[in-house]
Each structure stands twice: as C-alpha cells, then as structure tokens.
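The values are calculated or read from the model by the stated rules, or taken from the named source; none is laboratory data. It should be emphasised that the depicted structure is a prediction, and the values quoted were computed from it without experimental measurement. Heads up, the Cβs are rebuilt from the backbone with ideal geometry, glycines too, and the neighbour counts pull from every protein chain shown. The protein model used for the area step is the full one, side chains on, heavy atoms only, and it has no ligands, DNA or RNA in it. Shrake-Rupley method; radii C 1.70, N 1.55, O 1.52, S 1.80 Å.
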Amino acid sequence: QVQLVESGGGLVQAGGSLSLSCEVSGGAFSINGMGWYRQVPGAQRALVAAFTDSGKEYYIDSVRGRFTISGDSAKNTLNLLLTNLKPEDAAVYYCNKFPHAHYPWGRGTQVTVSV
C-alpha cells in the first residue's frame, strides 16, 4: 500500500516562500506521473503542478513562474517550491499520481498566507 506524507506547510506573509515535500513509501516510485494538488474548504482538490509521464513540468496558469516542482525518484520524494505567495494560494496541499490520483490521499500540509 502506497503511503504519501506531505510536509513543509506553514504560515507565511504574502510574497513569502515555502518548500513542500512529499515522501512516498510502499511501492515503486518515479517523479514522472506525480503531481501536487491543493484543496480549500468547500472545494474539490485541484491540480497545481505535475510531472507528466514523460517528465515534462506542468503548471496551472495561476502558479506558473511562482511555483517549481522537483523531486528525486531515488529518494522517493516530490517537492514543490512556492514563491511570491498570494492569499489565494492558501490551501491544504497534497501529492498524488498525475493525471489520475489513484494513490490513497495523505493528510496534506496546510499553507496559510497572511496579507
């Protein structure tokens, strides 16, 4: 059973930065086909950034240029660097497979952005 453990969230002022990490255990892992999602109360989880199956980076428009996805397949980790954070980036961030998030969801890591 694959387990996902996200960490690195916190409270940051608008314009600040955070570095999120996702540790994956319980199965073979490659950063290709992995992504970061986020969820705000009352809404569904939504994709933020991902590596495609071919290893290409993908970002939603609102974070392109501010967020950077990275990872290390050998270390079973997926990372997301968040810079120039905006209040609308506040959410619980999760990692999972992309494009189909079929791993059991982890607990996520909370990102709070103050104005």
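Annotations
- Relative contact order %, the chain, counting alpha carbon pairs below 8 Å whose residues are six or more apart: 37 percent
- Accessible-area composition of the chain, carbon plus sulfur, in percent [1.4 Å probe]: 50 percent
- Difference of contour (0.36 nm per residue) and Cα-Cα distance, ILE60 to SER17: 13.7 nm
- Using the Cβ-Cβ distance between HIS102 and LYS75 with R0 = 30 Å, the FRET efficiency computed as 1/(1 + (r/R0)^6) comes to roughly 0.85.
- Relative packing of peptides 89-96, 16-23 - highest average C-beta neighbours within 10 Å first: 89-96, 16-23
- Total charge dipole magnitude, the chain, about the Cα centre, Cβ charges on Lys, Arg, Asp, Glu only, Debye to nearest 20: 80 debye
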